[in-house]
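The values are calculated or read from the model by the stated rules, or taken from the named source; none is laboratory data. Only a predicted model underlies this, so the values are computations on that prediction, with no experimental measurement involved. Cβ sites come from the backbone with ideal geometry, for glycine too, and all protein chains shown count toward neighbours. Each accessible area value is taken on the protein alone, full model and side chains, heavy atoms only, with ligands, DNA and RNA left out. Shrake-Rupley method; radii C 1.70, N 1.55, O 1.52, S 1.80 Å.
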Amino acid sequence: MLGVLRRKAASGSVCGKSLYKLKPLVSTQRACSAMPEEITHFTRRFGSVRTFCNLPFAGSTTSLMPKREVLGILQRDVNLKIWSRTFSSNAEGDIVEAVVPFMGESISDGTLATFLKKPGDRVEVDEPIAQVETDKVTIDVNSPEAGVIQKFIAKEGDTVEPGTKVAIISKSGEGVTHVAPSDDKSEKAPPPPSPPAEEKKEKPAPKIETTPVMEKPKGSPPPPPKPSASEPQLPPKERERRVPMTRLRKRVATRLKDSQNTFALLTTFNEVDMTNLMKLRSDYKDAFLEKHGVKLGLMSGFVKAAISALQKQPIVNAVIDGDDIIYRDYIDISIAVGTPKGLVVPVLRNAEYMNFAEVEKGINTLAKKANDGTISIDEMAGGTFTISNGGVYGSLLSTPIINPPQSAILGMHSIVNRPMVVGGNIVPRPMMYFALTYDHRLIDGREAVFFLRRIKDVVEDPRRLLLDV
């Protein structure tokens, strides 16, 4: 009887009355009988059935009600979750997908820059298989499980968002086919067949008698005209290359141009005698390295000097926001780092509470991450003041551009021995030019000059930091 009912249900010919009138053929008592209660059944996959019915055990009652009433009862009793799932032919979950991870609050998408693996390669858990380039950093797409890459879903150059599927990975390695290089697959197409020869020959044109014309003797062709001196000589096109800009380069270009268009940029210069700071490093570099495990450099001295100057001139640490000025009672120093992929600016948080060793460790850690491409978005967000050291590349003098939304940037340059007058005598001194570019809408020339003077005083006499004078 149950088999008959199943066949009728499958054919969509379920009738409420017929089920209601059904009675059990055997009225004997069962070992496991149902409690006298109302049982409601409904099936999915039969969209044409509008009435739900049940086949109760002996001693139970039946009920017939529309589908919407059944769902209403279920929703009152429990939290009903309606969902659908695409079933895979692999019931054991052998296939996993590698997707683009979350890239940060301010980043909505990125460009799939390159694949680090190929289809058929073996990967381990959390092993990078691709890289996504964003406006700020490069993010790795890692394998969620150990296995073999079956195929790539996305292509290099595609714009991807967090959650976009990049690759399909088989944990067992079954069904993986190694893809041969594209050069091996391409085959030269056979040349097109030559057009058939014309069977019919053109009829000879009728001869027309004309008077003979005397031809002039042909001379040598005239030489080509020489280009004028004012005409530019353009290089041939085959010697040029067109390469699309990376996202990081486009972002840097946009921000720098916005800085020029928004700020009233003005740069003031000064020079500093590096003798005492270099002597301090030379005297204590071994003891510093032995105790703190990091080398003592000149950058930490300028960071500490800039912090002291920002505390004495808080307007340089402020920023314009609409019609208001925001004074920031914390100092986050951004350090400009040049990498092969572009300029990044990691941030030293709460630098006013750091000592020399903490500053050196922080700079070294951030610079290493920037060059390795492992720096995160959070490590570059914010910043109240930027220091750029172009002297490591040999720059003698420059006018740096403000990093929005900051209001000033300090530019360091190379150290050059120059003749200086000291105590009435001309002596060689290691000198450095340094510059401050500031937003003249907010910072006046007086504050900018006092700011550089404070940096000069501290660098030339680091003892001022101990005495706070």
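Structure notes:
- Exclusive hit being open to solvent by less than 50 Å² (accessible area, probe 1.4 Å) and over 11 Å from the mean Cα position of the chain (by Cα), set 94, 126: 94
- Hits in the range 364-394 - residues which are in a helix (DSSP H, G or I) and farther than 29 Å from residue 321 by Cβ: 364, 365, 367, 368, 369, 371, 372, 390, 391, 392, 393
- Among the residues listed as 429, 441, 453, the single one being open to solvent by 30 Å² or more (accessible area, probe 1.4 Å), more than 18 Å from residue 276 (Cβ to Cβ) and either in contact (Cβ under 8 Å) with a residue 40 or more places away in the chain or among the polar types (S, T, N, Q) (or both): 441
- Of the numbered criteria (1) without any contact (Cβ under 8 Å) to a residue 40 or more places away in the chain; (2) open to solvent by 40 Å² or more (accessible area, probe 1.4 Å), the one residue 401 fails is (1).
- Strands (runs of 3 or more DSSP E) wholly inside the range 230-328 that include at least 3 residues being surrounded by 11 or more Cβ atoms within 10 Å (Cβ to Cβ): 265-273
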